[in-house]
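Undergrad: What follows is a structure written as structure tokens; I'll ask about it next.
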Amino acid sequence: MKKKGQNKSFSLCNFFSKNHRGQVTIFIILAIIIASSIILLVFSRGGEVLKVGEASEKNPGNFLSVCLEEKMNEAINLISSQGGYASNPLNKTFRFNDETSSTDISYLCYTNNYYTPCIVQEPMLIKHLKNEIKNYISYDVKDCFNKLASSLESQGFDAEAEYNGFEIELRERKVITNISAKLILTKSGETSSYEDLKITTLSRFYETTSVVQEIINQEAVYCNFEYAGYMLLYPQWEIDKFRTSDSVIIYTVKHKDDENKFKFAIRGCVIRPGI
């Protein structure tokens, strides 16, 4: 025979056990509802992001930036590797041991005479480099602008596009492409307009150019540049100085936060062979 106390204890255990299972069930249902809501929200936002036409219309500069990114990086890399020129007949053809092919490296300071200091070839180096980049990407800037207008028209916009050229600006940590243009967009009775679009490419090209200019100026005056001491004072820079068998000096300048290497040649204060 069971005692009364035992029956009450057993009944209370059953009660709490059933109540606990009920709470667990409720929590599971709530978790499913919350998870479903999050998934629906994510997909809903994703649908908005994929509306390319709206994104281009709100930020045409972003479209142009993506379109020009590869060509701009190509221009900076090529011009840097060839001494500041896309093409230049006054150069030294040279191949480093870690390279698979030779490169025509331009002279930025040069004299054909012996014993005399070199003559700076580009006194206004930054202006020269801006023009080199501009010439290299000129076709692509206009082409990307036309593609932007065509893309918007294909998405239902009435686009009035007027292109008037562009300029390159070199600043710390970036290269800026200032496009002189006007874009008027109309759709569903609403009109928006954009003028003077600006594209920014992250690069240490400007800072590197400043170091190159310093090296050239010192070579032209002192026939030397203390690159080891410079790197001690400014450890963010990696500078290599290589003298060829015919006394041409090839400098390689690189910022530690940038992949591009600026290579250029110098011929000055050369001693006549056999003396």
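All of the numbers you see were taken from the coordinates with simple rules; none came from a lab. Since the structure is predicted, the reported quantities are computational estimates derived from the model, not experimental observations. No Cβ is skipped: glycine too gets one built from the backbone with ideal geometry, and neighbour counts run over all protein chains shown.
Undergrad: Sequence gap at least 6, Cα distance under 8 Å: using those rules, report the relative contact order of the stretch 52-267 to the nearest whole percent.
TA: 22 percent.
Undergrad: Which entries of K130/K174; K92/K127; K71/K254; K142/K198; K71/K256; K142/K261 have Cα-Cα distances beyond 18 Å here?
TA: The answer is K92/K127; K71/K254; K71/K256; K142/K261.
Undergrad: Hey, with R₀ at 35 Å, roughly what FRET efficiency would R171 and T244 work out to, going by the Cβ-Cβ distance, to 0.05?
TA: 0.55
Undergrad: Treat each spin label as a single point 7 Å out from the Cα along the C-beta direction, and report the L90 to Y114 distance in nm.
TA: About 2.2 nm, to one decimal.
Undergrad: Could I ask something else about it? Determine the relative contact order of the stretch 137-203: mean sequence separation of Cα pairs under 8 Å and six or more apart, normalised by residue count, in whole percent.
TA: It rounds to 26 percent for the stretch 137-203.
Undergrad: How much length would be gained if the chain were fully extended between Q218 and N59, taking 0.36 nm per residue of separation minus their Cα-Cα distance, in nm to one decimal?
TA: In short, 52.7 nm is gained.
Undergrad: Express in nm, to one decimal, how much length is gained between K71 and M124 on full extension, taking 0.36 nm for each residue of separation and deducting their alpha carbon distance.
TA: So the extension gain works out to 16.6 nm.
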